[in-house]
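Report on the structure given below.
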Protein chains: 12
Amino acid sequence: MPGIYKLIDVVGTSPSNFAEAVKSAIAEAGKTVHHMSWFEVIEQRGAIKDGKVAEFQVTVRIGFKIDT
Amino acid sequence: MPGIYKLIDVVGTSPSNFAEAVKSAIAEAGKTVHHMSWFEVIEQRGAIKDGKVAEFQVTVRIGFKIDT
Amino acid sequence: MPGIYKLIDVVGTSPSNFAEAVKSAIAEAGKTVHHMSWFEVIEQRGAIKDGKVAEFQVTVRIGFKIDT
Amino acid sequence: MPGIYKLIDVVGTSPSNFAEAVKSAIAEAGKTVHHMSWFEVIEQRGAIKDGKVAEFQVTVRIGFKIDT
Amino acid sequence: MPGIYKLIDVVGTSPSNFAEAVKSAIAEAGKTVHHMSWFEVIEQRGAIKDGKVAEFQVTVRIGFKIDT
Amino acid sequence: MPGIYKLIDVVGTSPSNFAEAVKSAIAEAGKTVHHMSWFEVIEQRGAIKDGKVAEFQVTVRIGFKIDT
Amino acid sequence: MPGIYKLIDVVGTSPSNFAEAVKSAIAEAGKTVHHMSWFEVIEQRGAIKDGKVAEFQVTVRIGFKIDT
Amino acid sequence: MPGIYKLIDVVGTSPSNFAEAVKSAIAEAGKTVHHMSWFEVIEQRGAIKDGKVAEFQVTVRIGFKIDT
Amino acid sequence: MPGIYKLIDVVGTSPSNFAEAVKSAIAEAGKTVHHMSWFEVIEQRGAIKDGKVAEFQVTVRIGFKIDT
Amino acid sequence: MPGIYKLIDVVGTSPSNFAEAVKSAIAEAGKTVHHMSWFEVIEQRGAIKDGKVAEFQVTVRIGFKIDT
Amino acid sequence: MPGIYKLIDVVGTSPSNFAEAVKSAIAEAGKTVHHMSWFEVIEQRGAIKDGKVAEFQVTVRIGFKIDT
Amino acid sequence: MPGIYKLIDVVGTSPSNFAEAVKSAIAEAGKTVHHMSWFEVIEQRGAIKDGKVAEFQVTVRIGFKIDT
């Protein structure tokens, strides 16, 4: 992967599971960032409501190539 | 989130995947703890039997509000 | 679990989610390693292509009993 | 410190600073736990509202002696 | 907290204490970032001059909602 | 290990060595907790008096099954 | 270092060694960021091709002053 | 900061808050160490007495220049 | 220690204490690995049965020289 | 990177610098392992003799594809 | 523990077990340092010779009160 | 390595690369400390001036034998 890459941290959320939360984070980041190349899961948390999991939250670190 | 919160660590298990293991941990904790507010995944492990994943195990740290 | 165990680190991949990536890692390891007993998730990463998650990658540490 | 101790994790909050958040966590824990002996700061977070710090949150691990 | 959040790391400084350093970091970040929701303390350092603390420095990770 | 497990952290002490400190922590915890299944060493510390080790202190995280 | 600083994470690459990879990351970041003040090495990785190191990759966290 | 620096770890205490504990640690270290340049907070703990915080304890790592 | 070394992770067990568990891990590894040079303790766990420690488990990382 | 990968930890040494130590570790590993794809630096240590650095030691985690 | 404390890291060794290695480290440190108060185990390693544990090595962080 | 060892942390600097910074730290420490045996890299940072790396800074933990 020659070149220079930048990393950003994004939190995605999903009512269903962690994989969907990851996908939503990547999809949203893709609206303003191009040439995304890889991601790393940094943290997995969630919200609880009425005794049940209401939301899965995943912090992903995304690497994308900088145009030079 | 004004107020005081307590944290407990619970291990949930599921034969299917990590999200189900998280849900089972939260559901079980909800039988004795009220006002659960959030959780954090601490560890993801599992059991193997006959060369296949037999069980997904997730340790979740659950935060709940203390009645004051 | 009396006896001696060895640990190996394997990276499994899946286009769908982390649980499938774990299963593929365990299944592949089982081709050469016997008596696998447990696993621990060490790292969760992934590849991005055209702005979408192209691959989920999970590093699992697998414990298996050594015949003595 | 001969004897056996138990550890609990409590999150205290304060609109002013971290030290006050620690004190509120200890004070609340003291309502149900006796013989508290020491604490350790595990995490320092906070809430933001209208561009300003609205709340300081401190997770403290509290050690207390068990009556035997 | 449905939606997508971004995280940025900012270092605030204060001659008085860590809480003021946190506040200055949040206030400054608020000039260009909107919808800030929470922060986490990542590191606490400081500068020493003539044998005394000259400056408290706090690295805070700030989470803010992305308009979608 | 199907089912749900809870984790508690206990500090055991011994004038002799770490293994004895672990055993005392487990034994004491067993007075109020049933179905203990495994433990993990979290921290090893100790007290010094008159230039000699006066006490070994071990923090163990104990997992026990919840009756459901 | 009075004032407010922001941190960004950049991955630099070099076919020769880690120091060159650091320099390339800083040089590239300098095209869009001003007043860079310090960096910290977060991760050191690399690519292998035909049994040899093909590329050194260094993730650096760069601190730069915000104009206020 | 050209030159060579040494690091020492000191625990400062205060009945009031963490910032005062940091200051007391730096002040005391300054009695025997010269050219102190920066510090980093390593650990924040405290003592509890009669259900209240009796003492804030901060471990600071202090960097100082060696005369060469 | 000129030359190239490989690292393997082995879990040893003992009903008595951690030192015996370490020794059993090293002894077993020595049956297939030669030129072992050092070890590092990675994790200390154990099994509990009938309210007592039934087994001490130690994960050791072993370094051994590769014949070249 | 579809497929399954295995990770091994190798310590390379060099009298000159860390980059050479990495290269020697990769070269040696390549004698028995094929399809090596990436590495990660885990630890950087060294030996001192007569007050000077006698050897740089780097522990690298190497990922290689398993033929399936 | 009002007052100021300093921390030093010492490695003790023993042919028998970790507890003896801790004791030897404390005893040796006591020859030059007074008012030692507590210790914390930082690392547990060892040397292997002829396929057997030849030496247990423990790094302990020792806290001692500074005369003021 | 029978005997007792002490650890000190030293920060070395170099305008060229990390290996030189390590060497300068060891050389300087050797002026007052004897019987140095090994080192471990704890942190790698640096200063930036005019958009370029002005200084590489390495924190090394040095182990040396105590005369007994």
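The values are calculated or read from the model by the stated rules, or taken from the named source; none is laboratory data. Quantities reported herein were computed from a predicted structural model and do not represent experimental measurements. Ideal geometry is used to build each Cβ from the backbone, glycine not excepted, and the neighbour counts take in all protein chains shown.
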Item checked: Residue among C:GLU55, C:GLU20 that is away from chain B (no Cβ under 11 Å), touching a residue at least 12 places away in the same chain (Cβ under 8 Å), more than 23 Å from I:VAL11 (Cα to Cα) and of a type in the set (Asp, Glu) -> C:GLU55
Checklist line | Residue that is farthest from C:ALA25 (Cα to Cα), among those in region J:15-39 that are more than 8 Å from the chain's Cα centre (by Cα) and of a type in the set (D, E, K, R) | finding: J:GLU20
Margin query: Please go through (1) among the acidic types (Asp, Glu); (2) farther than 21 Å from F:THR13 by Cβ; (3) touching a strand residue (DSSP E or B) at 6+ places or on another chain (Cβ under 8 Å) for K:ASP50 and return the number of the only condition it doesn't satisfy.
Written below: (3)
Check: Is there a residue being on the phi > 0 side of the Ramachandran plot and either within 14 Å of chain L (Cβ to nearest Cβ) or in contact (Cβ under 8 Å) with a residue 60 or more places away in the chain (or both) anywhere in region J:30-40?
Finding: no
Notebook entry, point to check: Do you know which residues across region K:11-68 are modelled with pLDDT under 95 and basic (Lys, Arg)?
Noted result: K:LYS31
Notebook entry, point to check: Only one residue in L:ASP9, L:ASP67 is more than 10 Å from the chain's Cα centre (by Cα), within 20 Å of J:GLY51 (Cα to Cα) and of a type in the set (D, E, K, R), so which one is that?
Noted result: L:ASP67
Notebook entry, point to check: Just checking, how many residues over region L:49-68 are hydrophobic (A, V, I, L, M, F, W, C) and over 25 Å from K:GLU28 (Cα atoms)?
Noted result: 4
Note to self: Which of the strands (runs of 3 or more DSSP E) found entirely inside chain E contain at least 2 residues meeting this: surrounded by fewer than 19 Cβ atoms within 10 Å (Cβ to Cβ)?
What the structure shows: E:36-49, E:52-65
Margin query: Quick test of your reading of the structure: D:TRP38 fulfils all but one of (1) more than 28 Å from E:LYS65 (Cα to Cα); (2) of a type in the set (A, V, I, L, M, F, W, C); (3) in contact with a helix residue (DSSP H, G or I) (Cβ under 8 Å, 6 or more places away or on another chain). Name the failing condition by number.
Written below: (3)
Notebook entry, point to check: So which of I:GLY12, I:GLY46 ends up being at the interface with another protein chain (Cβ under 7 Å from one of its Cβ atoms), farther than 30 Å from J:SER24 by Cα and touching a residue at least 12 places away in the same chain (Cβ under 8 Å)?
Noted result: I:GLY12
Check: Checking F:ALA27 against (1) in contact (Cβ under 8 Å) with a residue 40 or more places away in the chain; (2) farther than 17 Å from D:ILE8 by Cβ; (3) hydrophobic (A, V, I, L, M, F, W, C); (4) away from chain K (no Cβ under 14 Å), which single condition isn't satisfied?
Finding: (1)
